[in-house]
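> Please read through the structure below; I'll follow up with questions.
The values are calculated or read from the model by the stated rules, or taken from the named source; none is laboratory data. Being a predicted model, the structure only gives us computed values, none of them experimental. When we count neighbours, we look across all protein chains shown, and the Cβ atoms used for this are built from the backbone with ideal geometry, even at glycine. Ligands, DNA and RNA are excluded from the accessible area calculation, which covers all protein heavy atoms including side chains. Shrake-Rupley method; radii C 1.70, N 1.55, O 1.52, S 1.80 Å.
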Amino acid sequence: MLQNALYFFLFISTMLFLFYKTKQHLLVLFFAGLLFMAFIQWRAIPLLLLNSLFAFYLAQKIADSTTRKNTFFILGIAALLVQLVLFKLFVFSEQSLTGFSFESLAFTLGFSFYTLQNIAYLFDVKIGRILPEEKALLYVVSASYFPKILCGPVVTFQQMKKHFIATPVFKEENLIAGINRFALGAFKKLVIADRLAPMTTAVFDSTDTFSGFTSLFAGLIFTLQVYFDFSGYVDMALGISRMFGITLPENFATPLGSLSITQFWRRWHITLMQWLTQYVYYPVSYWFRKNMFLSALFGIVITLLFSAFWHGLGLTFLLWAFCHIAYLTIELLAQKANFKLPKAITYFLTILAVSFANLFFRSPDFVTAKKITGEIFSLQSFWPSDWLSQFVAVFGRGAELNDLFNFYLSWTFALVFLLFENRINSRSNSEKFSVFWLATMILLILVFGIFSGGEQFIYSRF
Amino acid sequence: MERVEILRKIELVITDFFNLKNFVCAESTSAADIEGWNSFSHLPLMSKIEEAFSLRFSFIEITDFNTVGDIVNCIQKKLSGI
């Protein structure tokens with residue numbers, strides 16, 4: 001872990017130096033992308049390059065053709081979607097036959113993310129929103145830009161292009177802000193998310209049966225884990241990118257403080273939701289926009305089903321999507337009837353609903369999901385009959401001192417963080433160098449971080 | 001039709017659509033300024049504006065509007081036949 005961190009530090013420092021000092025910043029970013037991929041998994045490089053070049057050349061065909069515009073467009077979208085379906089099928093079969101194997105999927109690293117960019121590019125060229133790019137290198141760099149390649153944020157070509165065509169100018173404040181943001185991401189991932197991980201594993205990857213409350217609590221812990229894991233990655237991605245003077249879009253806006261599911265989806269994985277709105281929901285709903293309720297309902301269904309498909313083909317993702325479809329429909333009806341609840345109640349209900357849906361999202365298969373959720377609706381087995389053995393020992397993994405310490409420590413960090421999240425976020429975006437901030441982050445990471453056999457980023461498998 | 005007239009007419013549509021009170025619309029007004037103007041309500045709202053001005057927005061126009069000023073520009077072009 002520390003050796004990897006050292007390599008990564010050397011890699012970033014060298015790339016930053018070359019990026020600002022040479023006059024070939026695009027080439028530097030291109031090779032940085034390749035090196036980064038090669039470092040993690042070199043087998044992912046061919047698919048990335050082939051798909052990017054495919055989208056690049058097809059976009060030119062779409063723009064140049066007068067009679068076969070639609071044919072080229074449909075061909076391109078179909079080719080990308082078929083690959084996405086095959087990829088998801090492959091993941092699904094890997095999961096159901098042998099359990100998840102990251103190694104066998106290595107050649108598809110980042111695939112779900114850059115495919116979204118390629119689809120958006122073809123779509124935008126087709127409707128005339130943008131002109132096709134003439135420089136292949138520029139397009140490939142935008143797809144292989146290394147800070148975002150693993151888990152996003154989801155971006156469009158035009159969002160990236162404006163940064164890449166500008167001549168890089170080194171600014172100290174970008175470097176400082178980047179380091180500040182990166183430190184926060186590493187803290188979230190190593191200190192909070194990876195400490196919460198064993199607790200979710202204890203429930204979701206176990207063959208035991210748990211009380212309904214314990215299961216629901218595991219859903220809440222997973223909600224926290226996936227938030228700190230994913231937003232931690234995004235913080236690091238945005239931080240590194242900022243060092244290169246490139247501002248990537250934000251992906252989270254304090255989602256765990258949402259007062260409704262509608263609000264939650266505006267604050268959670270924002271760039272994916274924006275992509276789904278622009279490239280799935282709007283093109284379909286445009287045709288029956290006269291009816292507000294139908295249009296909204298259809299939007300909810302189509303967007304969440306596509307989102308479920310994007311995450312994976314399993315029944316568990318479908319059930320996760322159905323939960324959110326039900327929540328959003330209820331909210332839509334409540335809004336129509338002008339029905340309102342006190343804020344404290346809506347906050348509690350929102351986090352509860354998200355955690356419940358996440359029981360499906362996290363479950364490795366349908367049988368586990370059924371077993372875990374089943375007890376929640378049972379009056380007899382909802383509450384643990386013995387709190388020490390059926391609740392504390394489950395998350396404290398046998399209530400050994402080390403694990404109990406981990407249980408209390410991770411919760412304390414997570415809750416304190418959420419309580420002061422806005423203030424911490426604004427501090428992490430500061431362009432001023434602060435010894436206090438950096439020393440605090442580094443100390444917390446060194447003392448409380450999990451370094452041995454660190455957890456894979458959850459979203460790197462999608 | 002003058003820009004101000006178009007703006008006032010859009011203001012009426014928005015006021016009615018979101019059931020607002022004392023709403024004053026400016027060219028800089030955007031979805032972020034009005035509670036309830038989100039991706040779900042955006043298309044039906046545009047449909048109401050189309051009805052009010054008896055015209056039709058294209059897909060790209062509807063999805064690229066960022067402010068009310070953008071909508072005014074588009075309507076003015078359409079009404080003057082540009």
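> Hey, does segment A:248-258 have a residue that's without any contact (Cβ under 8 Å) to a residue 40 or more places away in the chain, in a helix (DSSP H, G or I) and surrounded by fewer than 24 Cβ atoms within 10 Å (Cβ to Cβ)?
So far as segment A:248-258 goes, yes, one or more of its residues are without any contact (Cβ under 8 Å) to a residue 40 or more places away in the chain, in a helix (DSSP H, G or I) and surrounded by fewer than 24 Cβ atoms within 10 Å (Cβ to Cβ).
> Going through segment A:206-225 one residue at a time, which ones are part of a helix (DSSP H, G or I) and either buried (at least 22 other Cβ atoms within 10 Å of the Cβ) or in contact with a Leu (Cβ under 7 Å, 6 or more places away or on another chain) (or both)?
Filtering segment A:206-225 down to residues part of a helix (DSSP H, G or I) leaves A:212-225.
Within segment A:206-225, A:T214, A:S215, A:A218, A:G219, A:I221, A:F222, A:T223, A:L224, A:Q225 qualify.
> Answer yes or no: is there a residue in segment B:10-26 that is open to solvent by 70 Å² or more (accessible area, probe 1.4 Å), assigned to a helix (DSSP H, G or I), within 28 Å of A:Q263 (Cβ to Cβ) and within 14 Å of chain A (Cβ to nearest Cβ).
Looking through segment B:10-26, at least one residue is open to solvent by 70 Å² or more (accessible area, probe 1.4 Å), assigned to a helix (DSSP H, G or I), within 28 Å of A:Q263 (Cβ to Cβ) and within 14 Å of chain A (Cβ to nearest Cβ).
> Of all residues in segment A:282-323, which are touching a residue at least 24 places away in the same chain (Cβ under 8 Å) and of a type in the set (S, T, N, Q)?
Listed by number, the residues that qualify are A:T303, A:S307, A:T316.
> Something else now. Being β-branched (V, I, T) and either away from chain B (no Cβ under 12 Å) or more than 15 Å from A:T262 (Cβ to Cβ) (or both) is the filter; apply it to segment A:272-293 and report the residue that is least open to solvent (accessible area, probe 1.4 Å).
A:V280
> Scan (1) open to solvent by less than 10 Å² (accessible area, probe 1.4 Å); (2) closer than 30 Å to A:F187 by Cβ for the single condition A:A296 breaks and write down its number.
Only one criterion in (1) open to solvent by less than 10 Å² (accessible area, probe 1.4 Å); (2) closer than 30 Å to A:F187 by Cβ is unmet by A:A296, namely (2).
> Select, from A:L137, A:L122, A:L116, the only residue that is open to solvent by 10 Å² or more (accessible area, probe 1.4 Å) and on the phi < 0 side of the Ramachandran plot.
Criteria check complete, one pass: A:L137.
Yes/no per residue for (1) more than 20 Å from A:N251 (Cα to Cα); (2) touching a helix residue (DSSP H, G or I) at 6+ places or on another chain (Cβ under 8 Å):
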site: A:E172; (1), (2): yes, no
site: A:K189; (1), (2): no, yes
site: A:A193; (1), (2): no, yes
site: A:V203; (1), (2): yes, yes
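> A follow-up question, please. Can you name the residue in segment B:31-57 that is more than 9 Å from chain A (Cβ to nearest Cβ) and closer than 23 Å to A:D124 by Cα and, of all such residues, is most open to solvent (accessible area, probe 1.4 Å)?
My answer is B:R56.
> Tell me yes or no: at least one residue of segment A:260-270 is over 21 Å from the mean Cα position of the chain (by Cα), part of a helix (DSSP H, G or I) and either more than 7 Å from every other protein chain (Cβ to nearest Cβ) or at pLDDT 85 or above (or both).
Checking segment A:260-270: not a single residue is over 21 Å from the mean Cα position of the chain (by Cα), part of a helix (DSSP H, G or I) and either more than 7 Å from every other protein chain (Cβ to nearest Cβ) or at pLDDT 85 or above (or both).
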